Amino acid sequence: MIDARTLRERMDARLARPRSGRVILRRCPEARPDAVRGIVEESFRDLGIAPRGRVFIKPNVVTANRRYIRHSYTDPKIVAEVIRHVKKNGADEVTVGESSGFGIPTRLFLREAGYLRLASAGAKIVDLNTEPYVTVPLARGMHHKEMRVSESLAEADTLIWMPKLKYHICCQVTCSIKLNIGILRHSERLLYHDDRLDEKIADLLEVGYPDAVVVDAVTVGSGYESAPRGLDLGALLVSDDPVAMDLVACRLLNFTPERVAHLMESRRRGYGPANVEDVRVEGDVTIEELAARTAGHESEYQDIQKVNTPIKFYTGTDPDRGRLCHGGCLAAVKGCLGTIDARRPGSVARAKGGAIVTGVVDGDVDAGDGVVLLVGSCTTVKGKITARKVRRVKGCTVGTKHLLTAVPYYFRMPSPLFDVRDAVLFLTFSIDKWIRRLRIKLAFAK
């Protein structure tokens, strides 16, 4: 395991390396291996991307469920072709690593998404939470002053990020930069994941600035990004710069890049091309053609007031900074409802009426004869509450999985927690995770 000083030198060298600012857009109606292989080979050659030494590939496998969550993760067939390409062209070894969402064992989601089979393509598949780590100081961090970097990432010579392009309930768009939430170990994932989320994301670029980016935009995710619906876009995107990539990705989903906070925060810190005009878009399909396919599309969980349900939502501010806590308890509420509705479509529309409150609300809350659920320890209503009863879920920040008992109970919806199959898998992979972490501790004890 390398030390913090050596890792710091590698990070600085990667950040200082000149980037072309080019983004290649290629038609790819489906993830056929031969089509993907050709696009990857041609794009890497055109951009001068030459993976070397130890290659670390970071996909997006935030969640997965074979029955009802299929568009949340990077297609493993695309990842397999990148693995084969880099091994064919000089990589010594390839690792695919992830730290998934909700604190659920990552290997469970990797299994459900089909990633464990990628070992046959010549890669090691790892849960970053079960590896040794080195703590490295961050020179540019606003909130994260240091980060625990797992072994596979810390020792990599080449970083390849492979996001799934999706609409996002907090950040509008999730692509290359937002992908870095998944390099955090679970113990650090929810730190500053509140009104400070956009600044937190920019903090992580210091560690997670990849040498190459390959974006799965064959089918983009819409709705709640961890349990989304699919929207066909039919493209693969390749670049050597994550910020340049995201400037283009925003436009494909018809967002103005200047209004995407984490992207602009990253640029303010000196990441990416000095000028937006420096980004060169190439390939066999245009931004305008792809953007036309998403024009007019609404991803309703981005604005919770647009969700079709009898539940009322009252969203307040953070008590310390007075900002909308978009990445905290409000995000957990959106995630809980989005997961419930993905598993049993129509459940949210048929819910029992009531009200859910997040943050400090300066006004009245009216739930009629329903329940008012206060989500988060700091949530406060300064006005009058009208309700049959008032209940609270404590925490800061409350995570989505912590609401999957209370919200279904009070608003009469089916909870994913009661799926026997998923419960058995969760228990099995929790034991697996514990054993893997124990092996590491014993190895270090020797």
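Brief remarks on what is shown
- Scanning segment 144-183 for residues that are free of Cβ contacts under 8 Å to residues at least 24 places away in the same chain and among the acidic types (Asp, Glu) gives a single hit, Glu146.
- Residue check, Val94 touching a residue at least 60 places away in the same chain (Cβ under 8 Å) and either outside the structural domain of Val238 (by TED's automatic domain parsing) or among the β-branched types (Val, Ile, Thr) (or both): no
- Which listed residue, of Val79, Val55, Val61, is surrounded by 22 or more Cβ atoms within 10 Å (Cβ to Cβ), in a helix (DSSP H, G or I), at pLDDT 95 or above and not hydroxyl-bearing (Ser, Thr, Tyr): Val79
- Qualifying positions in segment 405-439 - hydrophobic (A, V, I, L, M, F, W, C) and touching a Pro at 6+ places or on another chain (Cβ under 6 Å): Phe429
- Pairs with Cβ under 6 Å, 6+ apart, first in segment 112-137 and among the β-branched types (Val, Ile, Thr), second assigned to a loop (DSSP other than H, G, I, E, B): Ile125/Tyr115
- Complete set of residues in segment 204-235 that are charged (D, E, K, R) and surrounded by 24 or more Cβ atoms within 10 Å (Cβ to Cβ): Asp216, Glu225
- Residue within segment 419-441 that is surrounded by 19 or more Cβ atoms within 10 Å (Cβ to Cβ), within 17 Å of Ser347 (Cα to Cα), within 24 Å of the chain's Cα centre (by Cα) and touching a residue at least 60 places away in the same chain (Cβ under 8 Å) present: no
- Evaluation of Thr397 against (1) outside any loop (DSSP other than H, G, I, E, B); (2) within 20 Å of the chain's Cα centre (by Cα); (3) more than 30 Å from Arg251 (Cβ to Cβ) (one fails), failing number: (1)
- Candidates His193, His144, His168, filtered to the one that is in contact with a strand residue (DSSP E or B) (Cβ under 8 Å, 6 or more places away or on another chain) and more than 23 Å from Arg27 (Cα to Cα): His168
The values are calculated or read from the model by the stated rules, or taken from the named source; none is laboratory data. What you see is a predicted model; the values in this text were computed from it and never measured. Ideal geometry is used to build each Cβ from the backbone, glycine not excepted, and the neighbour counts take in all protein chains shown.
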